[in-house]
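Below is one structure; the comments refer to it alone.
The values are calculated or read from the model by the stated rules, or taken from the named source; none is laboratory data. If you're wondering where the values come from, they're calculated on a predicted model, not measured in any experiment. Quick reminder, even Gly has a Cβ in these numbers, built from the backbone with ideal geometry, and neighbours come from all protein chains shown. Accessible surface areas use protein heavy atoms only, side chains included; no ligands, DNA or RNA. Shrake-Rupley method; radii C 1.70, N 1.55, O 1.52, S 1.80 Å.
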Amino acid sequence: MVPATVVAGGIVLGMANGAIAASFAVSGQTFKVGASKLEGTGFKQYGGIAKESDGTQHPVAVSEIADAKLYDLCQSVNASIPGVPIVLTINAGGGGKPATATNLLIDMDSLAGDARFENIKIGRDAASMNPAQQVVPKSFGQSADSVTITDLEQVARSTSAGVFTLNGLKLKVNVGKDAKECF
């Protein structure tokens with residue numbers, strides 16, 4: 001629990017120092033991503049800012065994963081209108097054939113699950129990990145050779161990837177009593 005507290009505190013400190021990470025304007029709406037397991041290599045994390053087109057800024061934790069596998073992936077977006085619950089869901093990566101991503105970049109508000117890091121380095125200068133992200137020098141960062149997160153629950157503002165393969169993709173608009181998010 002102590003390493004998680006140190007990491008969370010360091011990320012907030014990095015965000016307060018004005019790290020910039022968004023490469024496109026975000027919608028301003030969050031979405032949820034759940035997975036029974038995420039396995040990744042080339043993990044990096046630091047604080048950043050996601051910006052909307054009108055200039056509104058959102059502090060985020062930025063996670064980079066060079067290669068990722070997501071098992072039983074669920075993504076949901078609440079698109080409700082007054083009086084009508086609506087949730088868009090995307091499911092993929094079931095049946096032992098995970099969804100995969102390369103050069104995955106996530107701007108998130110929160111992350112929960114059981115995590116295991118291999119060769120983790122906490123307290124790195126975030127600017128030294130990815131010079132292309134325009135991170136404030138000396139802001140907090142961490143990296144690991146690999147990460148495994150089981151029972152992943154993430155609230156995000158944006159996700160981008162070099163290649164994102166959604167094996168067994170199922171997209172559905174759920175209305176009324178069926179309008180349930182991933183978690």
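Just a few scattered comments:
- Summed over the stretch 127-181, the residues that are hydrophobic (A, V, I, L, M, F, W, C), part of a loop (DSSP other than H, G, I, E, B) and exposed (fewer than 15 other Cβ atoms within 10 Å of the Cβ) give a count of 1.
- Among the residues examined, Asp67 qualifies as open to solvent by 60 Å² or more (accessible area, probe 1.4 Å), closer than 20 Å to Gly162 by Cα and within 14 Å of the chain's Cα centre (by Cα).
- Enumeration of residues in the stretch 1-58 that are at pLDDT 50 or above and assigned to a loop (DSSP other than H, G, I, E, B): Ser23, Phe24, Ala25, Ser27, Gly28, Gln29, Thr30, Ser53, Asp54, Gly55, Thr56
- A Cβ distance below 7 Å, combined with a sequence gap of six or more or placement on separate chains, defines the contacts here; from the stretch 93-115, residues that are over 20 Å from Val26 (Cα atoms) and open to solvent by 60 Å² or more (accessible area, probe 1.4 Å) reach residues that are modelled with pLDDT of 95 or more and part of a loop (DSSP other than H, G, I, E, B) in the pairs Gly95/Gly168; Lys97/Asn167; Lys97/Gly168.
- Check on Ala126, modelled with pLDDT of 95 or more and at negative phi: no
- Scanning the stretch 77-92 for residues that are touching a Leu at 6+ places or on another chain (Cβ under 7 Å) and either within 18 Å of Leu38 (Cβ to Cβ) or open to solvent by 60 Å² or more (accessible area, probe 1.4 Å) (or both) gives Ile90, Asn91, Ala92.
- If you filter the stretch 89-147 down to residues that are under 18 Å from the mean Cα position of the chain (by Cα) and of a type in the set (Val, Ile, Thr), you find that the one that is farthest from Asn167 (Cα to Cα) is Val135.
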